[in-house]
């Protein structure tokens, strides 16, 4: 089993393995090119993303500065908006559902390391996948750790550190992130409803 296969299988692997470093360098070159494109170079951005990501279905808008470890472990299953300074440490699969919104400065951290100093000094690491369902909203400056699944329609409020699964339609926040509400309440719908004149301006 190669180090790349071990990584995908969540087994321990040497993070400084030459094969992995070569793949990381390839991704770094792609993201460097991508982050130096301008907003009117959409064709170039689409081409670079197709070379970098595992999948990008639908309309995926990723704003610079975007960083990732490998790229091929990132799968967009539909349209998504990714705001600036997003980091995806994709040592394992990151799957993002349709109509996802990912705020500024969000970090997906699949990788972790041993608590034992000697093992850490030997650069041993492991990785667990992250999955976002459809219609998920991730607020600014959140961190999502490996092994987490966030269900369809969930809202993660800004600044949260998500260490465990969040159920569908929940509103969650905090460090560690916890569920505040299991659904958007009728009161929330009334309080946060768009004014009629604003709602009429929607174009999507």
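Points worth noting:
- Every condition in (1) buried (at least 20 other Cβ atoms within 10 Å of the Cβ); (2) within 13 Å of the chain's Cα centre (by Cα) is met by residue 95 except one, and the failing one is (1).
- Flag if residue 82 is closer than 20 Å to residue 52 by Cα, surrounded by 19 or more Cβ atoms within 10 Å (Cβ to Cβ) and in contact with a strand residue (DSSP E or B) (Cβ under 9 Å, 6 or more places away or on another chain): yes
- Filtered residues of region 98-113 (kept if closer than 18 Å to residue 13 by Cα and under 10 Å from the mean Cα position of the chain (by Cα)): 109, 110
- Whichever residue in region 98-109 is out of contact with any strand residue (DSSP E or B) (no Cβ under 7 Å at 6 or more places or on another chain) and on the phi < 0 side of the Ramachandran plot and, among such residues, is surrounded by the most Cβ atoms within 10 Å (Cβ to Cβ): 98
- Pair list, Cβ under 6 Å, 6 or more apart: region 60-79 residue over 21 Å from residue 136 (Cα atoms), other residue in a strand (DSSP E or B) and modelled with pLDDT of 95 or more: 69/89
- Scope region 110-125; condition surrounded by fewer than 16 Cβ atoms within 10 Å (Cβ to Cβ), modelled with pLDDT of 80 or more, outside any strand (DSSP E or B) and in contact with a strand residue (DSSP E or B) (Cβ under 7 Å, 6 or more places away or on another chain); matching residues: 123
- Count - residues of region 55-79 that are closer than 21 Å to residue 153 by Cβ and either surrounded by fewer than 16 Cβ atoms within 10 Å (Cβ to Cβ) or out of contact with any helix residue (DSSP H, G or I) (no Cβ under 8 Å at 6 or more places or on another chain) (or both): 9
- Residue pairs meeting the criteria (Cβ under 8 Å; at least 6 apart or on separate chains; first in contact (Cβ under 8 Å) with a residue 60 or more places away in the chain, in region 24-53; second surrounded by 15 or more Cβ atoms within 10 Å (Cβ to Cβ) and part of a loop (DSSP other than H, G, I, E, B)): none
- Residue count for region 24-54, restricted to those that are farther than 16 Å from residue 85 by Cβ, in contact with a strand residue (DSSP E or B) (Cβ under 8 Å, 6 or more places away or on another chain) and surrounded by 15 or more Cβ atoms within 10 Å (Cβ to Cβ): 6
- Output for region 87-109, where each listed residue is over 11 Å from residue 144 (Cβ atoms) and assigned to a loop (DSSP other than H, G, I, E, B): 90, 91, 92, 93, 97, 98, 99, 103, 104, 105
- Tabulated pairs, region 151-180, first farther than 16 Å from residue 105 by Cα, second at pLDDT below 95 and crowded, with 16+ Cβ neighbours inside 10 Å, C-beta under 6 angstrom, 6+ apart or interchain: none
- Filtered by the rule that a residue be surrounded by 21 or more Cβ atoms within 10 Å (Cβ to Cβ), part of a strand (DSSP E or B) and modelled with pLDDT of 95 or more, region 126-137 gives 130, 132.
- Considering residues of region 1-20 that are at pLDDT 80 or above and out of contact with any helix residue (DSSP H, G or I) (no Cβ under 8 Å at 6 or more places or on another chain) only, the residue surrounded by the most Cβ atoms within 10 Å (Cβ to Cβ): 15
The values are calculated or read from the model by the stated rules, or taken from the named source; none is laboratory data. Fair warning: this is a prediction, and the values are worked out from it, not measured in the lab. Backbone-built Cβ (ideal geometry, glycine too); neighbour counts: all protein chains shown.
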